[in-house]
1. Please verify whether residue 29 is of a type in the set (Ser, Thr, Tyr) and surrounded by fewer than 16 Cβ atoms within 10 Å (Cβ to Cβ), treating the condition exactly as stated.
2. Got at least one residue in the range 115-128 being farther than 24 Å from residue 40 by Cβ, more than 16 Å from ligand 1 (Cβ to nearest atom) and touching a His at 6+ places or on another chain (Cβ under 6 Å)?
3. If a residue has to be open to solvent by 30 Å² or more (accessible area, probe 1.4 Å) and within 23 Å of the chain's Cα centre (by Cα) to count, how many in the range 61-73 make the cut?
4. Among the residues of the range 183-232, which ones are more than 16 Å from ligand 2 (Cβ to nearest atom), over 18 Å from residue 360 (Cβ atoms), among the hydrophobic types (A, V, I, L, M, F, W, C) and within 20 Å of the chain's Cα centre (by Cα)?
5. Just checking, which of 40, 11 is more than 30 Å from residue 380 (Cα to Cα) and surrounded by 15 or more Cβ atoms within 10 Å (Cβ to Cβ)?
6. Any idea which of 307, 300 is of a type in the set (Ser, Thr, Tyr), free of Cβ contacts under 8 Å to residues at least 24 places away in the same chain and open to solvent by 30 Å² or more (accessible area, probe 1.4 Å)?
7. Would you mind listing the helices (runs of 4 or more DSSP H) fully within the range 1-79 where at least 1 residues are of a type in the set (Gly, Ala, Ser) and away from ligand 1 (no atom under 16 Å from the Cβ)?
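The values are calculated or read from the model by the stated rules, or taken from the named source; none is laboratory data. Remember, predicted model here, so these are calculated numbers, not experimental data. Neighbour counts run over all protein chains shown; Cβ positions are idealised from the backbone, glycine included. These area figures cover heavy atoms from the full protein model, side chains too; ligands, DNA and RNA do not enter into them. Shrake-Rupley method; radii C 1.70, N 1.55, O 1.52, S 1.80 Å.
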Amino acid sequence: MLSEAQIAIIKATAPVVGAHARDITEHFYPLMFSRYPAVKAYFNQTHQQQGSQRQALANALVAYATHIDKLEALGDAVSLIAHKHCSLNILPEHYPIVGECLMEAIGAVLGDAVTPEIADAWGTAYQQLADILIGVEEQIYQNHSERRGGWRGERQFRIREITAESDVIGSFYLEPCDGEQVIDFLPGQYVGLLLTIDGQSVRRNYSLSNAPGKKWLRISVKREDDGLVSGYLHQHARVGDVVTLTAPCGDFVLDTSSSAPRRPLVLVTGGVGITPAMSMLDSCVASGRPIVFVHAAINSSHHAFASHVEQLAAQHDNLRSVVIYEKPLPGDQPDAVGFINTHLLAELLPEDRNVDLYFLGPKPFMACVNQIAGDLQIPAEQRHYEFFGPAAELSVQEAEGAIA
Ligand SMILES: Cc1cc2nc3c(=O)[nH]c(=O)nc-3n(C[C@H](O)[C@H](O)[C@H](O)COP(=O)(O)OP(=O)(O)OC[C@H]3O[C@@H](n4cnc5c(N)ncnc54)[C@H](O)[C@@H]3O)c2cc1C
Ligand code: HEM
């Protein structure tokens, strides 16, 4: 428990730690990976090289220190981190490792400025945050194991079918090797996929692209240029292969319960960001709820689930599908060409803008949609989004690059 004096120390030193947060995390990760090599396998090494994970950790620590006396201000951040951790099977015994290396990194970067009192206050603050996360994570793990068809930790699945959704996106249907039921997840959630590639254990997250209630789970994966896991799945994975999954996680979910609001639903996706939206769409299209489904792709060759969505729109009057192509191929007939813009979205929304908006895609696309949603005064609490990587700011600067 932090004392009043320690809280005062954290608040006073938070700006200094914040100013050096980048350097601290630059020092922290190599130290932790060299001292505890087994921990390295939990981290996406591409995120490490790109710096996005380091930035996310630095942001979280600064936000935490800044709000040390009013932790409720952290809002959804704790849940987001806890879900990500659970999807990677992070356990309580990992926390002392991070704590030790983080404290050492703070000491190495700030030097003599870190007095024993300051070190003590930060050590206690770390433990407090670790305890909060461990508690929330235990609740998630328990919920996974108690749900019908659920499991705790890792479970093996067999690939039962592989289908092409576009030239670059393939779906993998996964059924449990134990032949038991599959968990009733929430539309929008993602799993952790564990593979061993060239003797190296690697983990990635994939959104579930099917509606719950089936005997299998489906992930739909875009083949990234030189992507380690997506490349492996597209080139080497075969029907019958076994992969390991963690149970579905994440708060980017559509509430399909009978008590949920029935506001019109607007799903706006770019590229492979379509995957969780497919689960949402399939889960609620038959409910009669008005749905606008906007999808932006480069052109028809990159457009996944096109005929499925088209078929649903033909069968359900409550669904309006709008397709935007950036660079149409000859013969393509999208509803719009170029990029998503305010005018296009405004025309699709009801006058009062009282909708639930879910959006996902490349970061500049998301920044753009978020900006448009602001311009159209869609209430912030009715806007939902997620990143296919560590969380980041949706800056206006990036949005400018995506508005034609
Ligand atoms: C919650 C969540 C849900 C997700 N859902 C999906 C989904 O439904 N479908 C999906 O396809 N993906 C999804 N992802 C993304 C997925 O987890 C992987 O990140 C993605 O498949 C790429 O992994 P990879 O191993 O193939 O590529 P990586 O090897 O990680 O590389 C990714 C890209 O970065 C490039 N790269 C590698 N190293 C560097 C470097 N040092 N500097 C610059 N560039 C570099 C690579 O060439 C490649 O193009 C999701 C991610 C999250 C967090
Ligand atoms: C108080 C302690 C911790 C804090 C504040 C913290 C914070 C974070 C944050 C902010 C993210 C990014 C979430 C996102 O936007 O995707 C993250 C991801 C992650 N964390 Fe933690 N974390 C802590 C402890 C740990 C521990 C103990 C481990 C285990 C070794 C761990 C392993 C991971 C991994 C593997 C990821 C995903 C990395 C990736 O995508 O490359 N974290 N954490």
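1. Working: of a type in the set (Ser, Thr, Tyr): yes; surrounded by fewer than 16 Cβ atoms within 10 Å (Cβ to Cβ): no.
No, not satisfied.
2. No; the residues of the range 115-128 include none that is farther than 24 Å from residue 40 by Cβ, more than 16 Å from ligand 1 (Cβ to nearest atom) and touching a His at 6+ places or on another chain (Cβ under 6 Å).
3. Taking the range 61-73 and keeping what is open to solvent by 30 Å² or more (accessible area, probe 1.4 Å), we get 61-63, 66-67, 69-73.
Those still in the list that are within 23 Å of the chain's Cα centre (by Cα) too: 61-63, 71-73.
Of the residues in the range 61-73, 6 are open to solvent by 30 Å² or more (accessible area, probe 1.4 Å) and within 23 Å of the chain's Cα centre (by Cα).
4. 183, 217
5. Numbers: 11 fails: more than 30 Å from residue 380 (Cα to Cα).
Just one listed residue meets the conditions, 40.
6. Details: 300 fails: free of Cβ contacts under 8 Å to residues at least 24 places away in the same chain.
Answer to the check: 307.
7. Numbers: elements: 4-19, 21-35, 37-40, 45-50, 52-66.
Passing ranges, in order: 4-19, 21-35, 37-40, 52-66.
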